[in-house]
Structure formats: structure tokens, C-alpha cells
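A.B. asks: Below is the structure I would like to discuss, written out as C-alpha cells.
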Amino acid sequence: MRNNDGMARRIELLSDTLLTALVFLGVYAVKQSELLGPYAGLITTPDYFSLLLMIIVIWYVTMGFIHVRYRYASKMAGVMVMEVFKGVTASTVILVLGMYIFKIVDVSRLLIFLFYGVDLIVLIAARLIMQKLVFSKRSDYFNRYILILGSRATARELIELVHRQPDTDIKIIGCIEIEREDVGKTVSGGVQVIGTMEDLREILVNQVIDEILITMSLNEIENSEWYLSFINTFGVTVRIIPYWYIRKFMSKHASDGFEIENFLSEPALTISRGQEKKDALLIKSIMDYVLAILVLVVTSPVVVVIFFLIKIFSPGPVFYKQIRCGLYGRKFPLFKFRTMIPGAEEMQDSLSAYNEASGPVFKIKKDPRIIPYVGTLLRKVSLDEIPQFLNVIRGEMSVVGPRPPIPSEVEKYELWQRRRLSMKPGITCLWQIQPGRNDISFEQWMDMDMNYIDHWSVWLDIYIILKTIPAIISGRGR
């Protein structure tokens, strides 16, 4: 389990949730007893069983989202403590909000306060105890013994990497080479070539080997497929280290995700920035559909009023459809309430001298093409964007994401700026919640979109959605 981060994380989440449930039951029992003197006792109105179920769900989900990657053998006690503090604090805040939303009233505030403090102490203590137990198992029995196939640059770098880890449990037995004359050669840090491929059987039989790292090209090994099958009969884990150029790329681009997947029936190394966020992206999609349907239902009376206002103040259609660029440049029709007079697009060239925006974007503070009164009002409070929730339901947009550009703008992008198309466009985004969003330069806009893509999370989306509400109420749109 120590080498399987996913398994370790699941066990850790389950233990955190179980301990939290036990803490709640313990605090509940103490509060009902006479131990707290004048502060003891609980009224029977609240359904504490439902509260416990809420706690189990909230803690499991939240502690799964708020975490950093670490190994218990790394002496990162401070990181673990901070992780638990953030997880328990966020979970407690969500619990209190849930109690308010579901109208679970008359719950003892002292009970919640005690539960928060004790849970924090218990979970931190559990992590530190586990850390202590891991470090107490430092005998040779618990080491991982590694045999390396190859002795060139990649093998040397791996050996040096291991030796730079003072608390590692990895012990390198030696290296295997193809040519007999390489036997006895020192590779790095005292690690030597201890045999050739012909000696592999004897080494596996007589030595304790947990893993084999293959650092040479499989093309160099005669009958490499047979050797892989042979090693497999021993049940030894084999790790094939990629050639140096792809390995260097992978180490430099650690934010990218690397997976072995099937392309049709063939295995392929997949490189993608979103590999580790597939579950979170699924949650984002569910949120998009739920919010889009909810907004369209809630705003339906407003939509009717807007429909008649546009008809009264300007001839022509109520809805405006414009081709925009979506995910990876896919073109789709974006829907809005029409806020400009008919033929507004054809007038843009004649107004280009008045453009106040930098880059390929076109903006004028007092655009003469806007429908008087109605168009100005709809833009100011962003009500013209409501039909875009139809784009969300159609799967062309998300609620949060970089704003979808028009194709003529994309044609003027620099190469690095096209990366903003690597995420589904949204109705709101980071720059739209800024106080002076209308005065943000094109370069700042791009930087914000790139920052959103690089640091995206479900929590960031929720933050942007919550910040969008006061931005709409304050009427910052133009």
C-alpha cells in the first residue's frame, strides 16, 4: 500500500470519516451527560442522526478535495497538520451552511464548537501517530529493493535521485547490463553492474528484489518480451522508465497528466493537463446543467418582460445569435438578448477608430449601436447573458470559464494565447468579477484566463459564481 498513492488516499479518507463520526458520537454523548455541568444536556428537537449522516458525506467529499500529495516517509508533519486544519475547517463551514439551508434548527452551538475542536485534534493526532509508526519501521525488512536494467545516463540519474532522499526506504541492489565487460563497473554512489541479462534468473532466485527498473531501450534487449514474461512469473513489479527526452519533458511539465490508455486496441502514453481532474470535471458538468436549468426556470418571468421591452424599443428579433469559438476552436452559435440595433455588426468597421480596448477586442464606452434604455440596462446588469444558459445545456459552454471569443479575434491571437481555448468557455470568469473589469487590458484579460485554466478547481468555480452575484447587482456591465 505504501507505493499505491490512490489506495493510501482512499484508506486515509475512510479513516478520517470514521474517526470524525466517532468524534461526533463521543461529543454528543458527553454533551448529554453530566460532565459539562451547567452546560450539559441537549434538547430533543434537532434530528442528530440526520446531522451525523450530513457530517459523514461532507467530511468524505471535502477531505477528498482539500489535500496535497505527500508520502508518510517524507517527514512533512507541518503539511499534514495544515491539510487537516483546512479540511476540518472547510467541512465545518459547509456543515453550518447545510444546517441553514435544510433548516436544521436548535442544534447546540457548544456541541458544534466542541465537535470542531476535538475532531481537529483527533485527526491531527491520527496522522502524526501514523507518521511515527511509519518511521519506526526502518529495519531492513521494510526496505524496497530495486534492481536496475541499464547503467547509462538514466540509471545514474535515478541512483543519484535515490541517494538525495535521506528518508527513503529504497535500496538499489545493482545494475544489469547486456555486455559481460560492463560487469563490475561502478555506475554511481557505489552502485555497480552486478551481472548481465543472462544472470537475471540467478539474481531473482538468490536476492530479495521488490522492483525492477528498466532504463535501457527494450530494443537493445534480445528477446525482451520473453524477459518481461519471465520477470512476471516471479510477481516482481517492473517499471519501464521512458527514454530520456520524453522523461525530461514529463519531469519539466509536472502539471500535465500522464496515463497509459488504449487508443482503439493499442496502448498509448497519453499526455494531458486534465488527467488528474476527471472526477472534478464531471462535478463541474453536473453543476453546469443543474445551475442552467435552475436559472432558466427562476428567470422565466424576467425573460417574458425582456422579450416585450426589446420588441417595444427596437424592431427586429429578440434574440441575437453570433458565431463564437469554443473548446479547441469549435465554432458554435452563442445566444444573447439583442441589445444593439439591427445591422450593428456591419457598423463596427466604421467605428474602429473609436475602439478603446487593446488587442483584438472591440469595445466603446458609449457605443452608439446600443438600443437606448433597454440595451443599456440589460448590459449593465448582465441580463442579456441569460440565453447563454441554453448554450450550457447544449454542452457548448460552461457556467464558469474563459469568455468565448469571436473567430476574427482568435485569428489575431499569439500562439500562447490559443491555450485559453483548451477549456470550455463560460458565462462568467475571473475578469468579470473584477471591480474595474471594463478597464482591464487585453493582456491582463489573457493572464487571468490562463491563471484560471492553470489553477482550476470546483472550489474556484464556486468562488467565481458567488462573486458574480454582487457584480451583477452592482451593475458593473457595459
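The values are calculated or read from the model by the stated rules, or taken from the named source; none is laboratory data. Because the structure is predicted, anything quoted here is derived from the model rather than measured. Reconstructed Cβ throughout: ideal geometry from the backbone, glycine too, with neighbour counts over all protein chains shown.
A.B. asks: Working only within segment 239-274, note down all residues that are modelled with pLDDT of 65 or more and of a type in the set (A, V, I, L, M). Walk me through how you get there before you give the answer.
C.D. replies: The first filter runs over segment 239-274 and keeps only residues modelled with pLDDT of 65 or more, leaving 239-243, 246-250, 258-272.
If the condition is that a residue be modelled with pLDDT of 65 or more and of a type in the set (A, V, I, L, M), then Ile240, Ile241, Ile246, Met250, Ile260, Leu264, Ala268, Leu269, Ile271 are the ones that fit.
A.B. asks: Please verify whether segment 347-370 includes one or more residues that are over 33 Å from the mean Cα position of the chain (by Cα) and at pLDDT 80 or above.
C.D. replies: yes
A.B. asks: Related question: Anything in segment 398-413 that is in a loop (DSSP other than H, G, I, E, B), surrounded by fewer than 23 Cβ atoms within 10 Å (Cβ to Cβ) and in contact with a helix residue (DSSP H, G or I) (Cβ under 9 Å, 6 or more places away or on another chain)? List them, or say none. Full working, then the answer.
C.D. replies: Taking segment 398-413 and keeping what is in a loop (DSSP other than H, G, I, E, B), we get 401-406, 411-413.
Remaining after also requiring surrounded by fewer than 23 Cβ atoms within 10 Å (Cβ to Cβ): 403, 405-406, 411-413.
If the condition is that a residue be in a loop (DSSP other than H, G, I, E, B), surrounded by fewer than 23 Cβ atoms within 10 Å (Cβ to Cβ) and in contact with a helix residue (DSSP H, G or I) (Cβ under 9 Å, 6 or more places away or on another chain), then Arg403, Pro405, Tyr413 are the ones that fit.
A.B. asks: Considering each residue of segment 190-240, count those that are in a strand (DSSP E or B) and of a type in the set (Lys, Arg), and give that number. Even if it seems obvious, please write down each step before you answer.
C.D. replies: Within segment 190-240, the first condition is being in a strand (DSSP E or B), and the residues that meet it are 191-196, 211-214, 237-240.
Still in the list and also of a type in the set (Lys, Arg): 239.
Looking only at that region, the number is 1.
A.B. asks: Any idea which of (1) farther than 23 Å from Tyr463 by Cβ; (2) free of Cβ contacts under 8 Å to residues at least 60 places away in the same chain; (3) touching an Asp or Glu at 6+ places or on another chain (Cβ under 9 Å) is the one Gly375 doesn't satisfy?
C.D. replies: Going through (1) farther than 23 Å from Tyr463 by Cβ; (2) free of Cβ contacts under 8 Å to residues at least 60 places away in the same chain; (3) touching an Asp or Glu at 6+ places or on another chain (Cβ under 9 Å) one by one, Gly375 breaks only (2).
A.B. asks: Could you pull out the residue among Thr215, Thr186, Thr168 that is at pLDDT 90 or above and surrounded by fewer than 17 Cβ atoms within 10 Å (Cβ to Cβ)?
C.D. replies: On the way: Thr215 fails: surrounded by fewer than 17 Cβ atoms within 10 Å (Cβ to Cβ); Thr168 fails: at pLDDT 90 or above.
From the options Thr215, Thr186, Thr168, the qualifying one is Thr186.
A.B. asks: So which residues in segment 319-334 are hydroxyl-bearing (Ser, Thr, Tyr) and within 21 Å of Gly375 (Cβ to Cβ), if there are any at all? Break it down into steps so the answer makes sense when it comes.
C.D. replies: Start the filter on segment 319-334 by keeping residues that are hydroxyl-bearing (Ser, Thr, Tyr), which leaves 320, 328.
The answer is Tyr320, and nothing else.
A.B. asks: Among residues belonging to segment 414-437 that are in a loop (DSSP other than H, G, I, E, B) and more than 28 Å from Ile283 (Cβ to Cβ), point out the one that is modelled with the highest pLDDT.
C.D. replies: To start, the set of residues in segment 414-437 that are in a loop (DSSP other than H, G, I, E, B) comprises 414, 423-425, 429-430, 434-436.
Narrowing the set further to residues that are more than 28 Å from Ile283 (Cβ to Cβ) leaves 414, 435-436.
Numbers: Glu414: 85, Pro435: 75, Gly436: 71.
Result: Glu414.
A.B. asks: Inside segment 100-125, can you point out the residues that are hydrophobic (A, V, I, L, M, F, W, C), farther than 19 Å from Ala29 by Cβ and surrounded by fewer than 17 Cβ atoms within 10 Å (Cβ to Cβ)?
C.D. replies: If the condition is that a residue be hydrophobic (A, V, I, L, M, F, W, C), farther than 19 Å from Ala29 by Cβ and surrounded by fewer than 17 Cβ atoms within 10 Å (Cβ to Cβ), then Ile101, Phe102, Val105, Ala125 are the ones that fit.
A.B. asks: Here's something else I'd like to know. Here's a check for you: in segment 9-31, which residue that is within 18 Å of Ile58 (Cβ to Cβ), charged (D, E, K, R) and buried (at least 17 other Cβ atoms within 10 Å of the Cβ) is modelled with the highest pLDDT?
C.D. replies: Going through the qualifying residues, I end up with Asp16.
A.B. asks: Among what's in segment 32-54 and is farther than 17 Å from Ile94 by Cα and among the polar types (S, T, N, Q), pick the residue that is surrounded by the most Cβ atoms within 10 Å (Cβ to Cβ). Show your work before the answer.
C.D. replies: So in segment 32-54, the residues farther than 17 Å from Ile94 by Cα come out as 32-47, 49.
Those left that are additionally among the polar types (S, T, N, Q): 32-33, 44-45.
Details: Gln32: 14, Ser33: 10, Thr44: 7, Thr45: 10.
Filtering first and then ranking leaves Gln32.
A.B. asks: Hey, among Lys311, Lys321, Lys277, which residue is at pLDDT below 85 and either on the phi < 0 side of the Ramachandran plot or under 24 Å from the mean Cα position of the chain (by Cα) (or both)?
C.D. replies: On inspection, the qualifying residue turns out to be Lys277.
A.B. asks: Against the condition assigned to a helix (DSSP H, G or I) and modelled with pLDDT of 90 or more, how does Pro333 come out, does it pass?
C.D. replies: no
A.B. asks: Also, I was wondering about something else. Give segment 438-450 a look and list any residue that's part of a loop (DSSP other than H, G, I, E, B) and either of a type in the set (Phe, Trp, Tyr) or free of Cβ contacts under 8 Å to residues at least 40 places away in the same chain (or both), or say none. Spell out how you get there, then give the answer.
C.D. replies: Our first condition is that a residue be part of a loop (DSSP other than H, G, I, E, B); within segment 438-450, this holds for 440-441.
Across segment 438-450, the qualifying residue is only Ile440.
A.B. asks: Which residues, counting only those in segment 282-304, are loosely packed, with under 11 Cβ neighbours inside 10 Å, among the hydrophobic types (A, V, I, L, M, F, W, C) and more than 24 Å from the chain's Cα centre (by Cα)?
C.D. replies: Those that are loosely packed, with under 11 Cβ neighbours inside 10 Å, among the hydrophobic types (A, V, I, L, M, F, W, C) and more than 24 Å from the chain's Cα centre (by Cα): Val297, Val298, Val304.
A.B. asks: What about Tyr70, is it at pLDDT below 90, aromatic (Phe, Trp, Tyr) and assigned to a loop (DSSP other than H, G, I, E, B)? Before you say what the answer is, go through the steps one by one.
C.D. replies: On the way: at pLDDT below 90: yes; aromatic (Phe, Trp, Tyr): yes; assigned to a loop (DSSP other than H, G, I, E, B): yes.
For Tyr70, the condition - at pLDDT below 90, aromatic (Phe, Trp, Tyr) and assigned to a loop (DSSP other than H, G, I, E, B) - is met.
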